[in-house]
Amino acid sequence: MAKKEPNFLGSVQQYFDKAAPHTGLHAGLLAQIRHCNAIYRMNFPVKFGNEYRIIEAYRVQHSHHRTPTKGGIRYSNHVNQEEVMALATLMSYKCAIVDVPFGGAKGGVKINPWELTTFQREKVTRRYTMELINRNFIGPAIDVPAPDYGTGSQEMAWIYDTYRTFKGSDIDAAGCVTGKPANLNGIKGRVEATGRGVYYGIRSVVDQAKDMKKIGLTAGIAGKTMIIQGLGNVGSYTAKISQDEGGALIVGVAEVEGVIYNPKGMDIHKIIAYRQEHGTFLGFPGATTELAKEDRWYGLDFECDILVPAALENQITVENADRIQAKIIAEAANGPITADGEKILLKKGKVIIPDLFLNAGGVTVSYFEWLKNLSHMRFGRMDKRFNQNTYMNLLNKVEEMTGKTVGIQEKIFLTRGGDEIDLVRSGLEETMVTAYGQIREIMNKKKKVNDLRTAAFVSAIQKMGSDYLAMGIFP
Ligand code: GLU
């Protein structure tokens with residue numbers, strides 16, 4: 001990134017400042033919404049073998065306009081206070097956009113998780129959780145962590161177990177963290193949630209024929225060419241679901257080892273299987289072009305309709321924005337485009353689907369998991385059979401009245417009630433479609449709001465603002 005560019009937090013604040021004048025809110029209220037409310041920075045010792053490591057870690061709560069606060073925990077060597085602040089800030093706006101009733105938060109632990117043993121990761125995770133408990137920075141009504149870059153369901157299980165050990169009398173203890181394993185008070189569909197949400201979000205955008213015409217594309221996701229940067233949790237599910245359910249063509253994949261490309265499309269399942277077997281996708285037989293990683297924007301500038309950065313922040317900057325050929329950039333990661341990079345892209349007429357809307361599927365399903373934990377019951381338990389019987393009665397009546405019968409397999413399919421996974425997916429789809437409708441309406445109504453990110457920020461700020469106004473603290 002060029003020196004003169006703002007950092008990640010600076011970019012997020014620039015986006016906020018661009019949107020703020022369109023919200024009609026008082027300057028004092030806007031300042032409150034913009035600031036991070038609480039920052040806890042800690043250094044704690046962990047013994048690895050005979051060596052002591054002092055670990056730097058953070059938990060930032062950006063906004064308490066709703067509680068608990070919510071957001072993932074990142075394990076990475078690049079973690080720093082301003083990065084965690086930027087991520088916590090985005091969480092508040094993300095939750096507001098998808099009507100998830102939480103304030104935003106984020107955690108960061110400055111370690112390289114891939115360098116540590118499972119036992120070492122467990123030690124760090126449990127100690128970090130104890131620090132949070134000590135400062136009242138975790139709890140089902142206070143602040144609820146979740147997975148992020150470098151963490152997953154295993155870390156969440158350790159957090160839950162540590163919390164439960166100290167707060168055993170809290171009947172809602174399971175709601176202290178989300179993204180837990182499905183068989184340990186987690187929810188089905190959480191692992192795929194962010195990627196699935198990204199798919200629903202992209203689909204909502206490309207289904208608008210008028211908007212697509214402006215950038216020379218036809219409506220619909222089927223047949224659209226896609227490049228994915230990052231095959232972690234978010235990137236891999238985005239690619240799989242876009243290919244399998246949407247009919248998109250995965251023409252390129254970029255990862256630490258480099259990029260593979262084939263303009264006719266490659267099967268994402270085969271790429272992932274090949275990479276698992278060989279430790280790299282270089283050499284994948286389906287690719288026509290491959291490039292070992294040689295510069296920092298490897299693969300991002302290849303030709304495609306939709307570029308999906310699904311890795312880390314600051315990937316598209318003033319240095320490479322000009323080279324991007326994709327017509328749509330879908331921000332599956334948080335902050336992959338810098339504010340200055342975005343200016344170049346917008347000038348060239350690119351459609352940017354912004355992170356604070358597009359990757360909100362993760363926190364949406366976290367919300368479902370938290371609700372499940374508080375209700376102590378899985379979704380579908382009360383109504384699945386009831387619905388099934390009702391549909392069956394209806395279908396039987398139709399058969400009786402028409403004298404025609406439906407095959408037994410089809411009958412079972414037509415009358416089935418929703419299981420947990422069906423309800424989670426349906427709730428997620430509804431959430432993403434509704435949120436996009438609101439963002440698009442802001443673009444249509446406000447003549448000076450010309451891009452999706454600004455519209456998404458306006459949506460978030462207005463919703464947060466109306467919470468503060470209802471409290472009667474601001475004019
Ligand atoms: N880390 C995810 C995000 O950036 C999920 C947060 C959550 O589920 O609370 O949105």
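Report the trypsin sites (Lys or Arg not before Pro) located in segment 269-309 that are in a DSSP loop and have at most 13 other Cβ atoms inside 10 Å of their Cβ, or state none.
In loop regions of segment 269-309 (DSSP not H, G, I, E or B), the sparsely surrounded trypsin sites (Lys or Arg not before Pro) are ARG296.
Order the peptides 378-385, 406-413 from the highest to the lowest mean number of other Cβ atoms within 10 Å of their residues.
Those peptides, ordered most packed to least, come out 378-385, 406-413.
In sequence order, what are the phi-derived ³J(HN,Hα) couplings for segment 147-164 according to the Karplus relation 6.51 cos²θ - 1.76 cosθ + 1.60 with θ = phi - 60°, rounded to whole Hz, with x for glycine and proline?
x, 8, 3, x, 10, x, 4, 5, 4, 5, 5, 5, 4, 4, 5, 5, 4, 5
Fewest Cβ neighbours within 10 Å first, please rank SER242, SER426 accordingly.
SER426, SER242
Rounded to whole Å, give me the distance from the Cα center of segment 374-423 to that of segment 256-323.
One Cα centre to the other: 43 Å.
Per Stokes-Einstein, at 10 °C and 1.306 mPa s, what whole-number D in µm² s⁻¹ belongs to segment 390-475, with the Kirkwood radius over Cα pairs as the hydrodynamic radius?
Taking Rh from Cα pairs, D becomes 92 µm²/s.
Dipole of segment 284-337, Cα-centred, from +1 at each Lys and Arg C-beta and -1 at each Asp and Glu C-beta, to the nearest 20 debye?
It works out to roughly 80 debye.
Using the number of other C-beta atoms within 10 angstrom as an exposure proxy, rank TRP370, TRP158, TRP114 with the fewest first.
TRP114, TRP158, TRP370
Assign one of three labels to the chain, namely rounded, prolate or oblate, based on the Cα gyration tensor with a ≥ b ≥ c the square roots of its eigenvalues; rounded applies when a/c is under 1.5, prolate when it is not and a/b is larger than b/c, and oblate otherwise.
Since a/c stays below 1.5, the shape of the chain is classed as rounded.
Sorted by packing (mean other beta-carbon atoms within 10 Å per residue), highest first, where do 310-322, 161-173 land?
Final packing ranking: 310-322, 161-173.
Let me check against my output: what whole-number percent is the relative contact order of segment 106-189, with C-alpha pairs under 8 Å and at least 6 apart?
Relative contact order comes out at 28 percent.
Return the long-range amide H neighbours of THR225 (sequence gap of 5 or more, or a different chain), with a cut-off of under 5 Å between placed amide H atoms.
Excluding prolines and chain starts, which carry no amide H, the hits are LEU249, ASP305, ILE306.
Within a 10 angstrom radius of the beta carbon, how do TYR391, TYR52, TYR436 rank from fewest other beta carbons to most?
TYR52, TYR391, TYR436
Order the peptides 298-308, 209-219 from the highest to the lowest mean number of other Cβ atoms within 10 Å of their residues.
By packing density, highest mean first, the sequence is 298-308, 209-219.
In debye, nearest 20: dipole of segment 221-299 around its Cα centre with unit charges on the Cβ of K, R (+) and D, E (-)?
That gives segment 221-299 a dipole magnitude of about 140 debye.
Taken together, the values in this text are just the output of simple stated rules run on the coordinates, not laboratory data. Quick caveat, the model's predicted, so the values are computed rather than measured. Here Cβ is always computed from backbone atoms with ideal geometry, including for glycine, and neighbour counts include all displayed protein chains.
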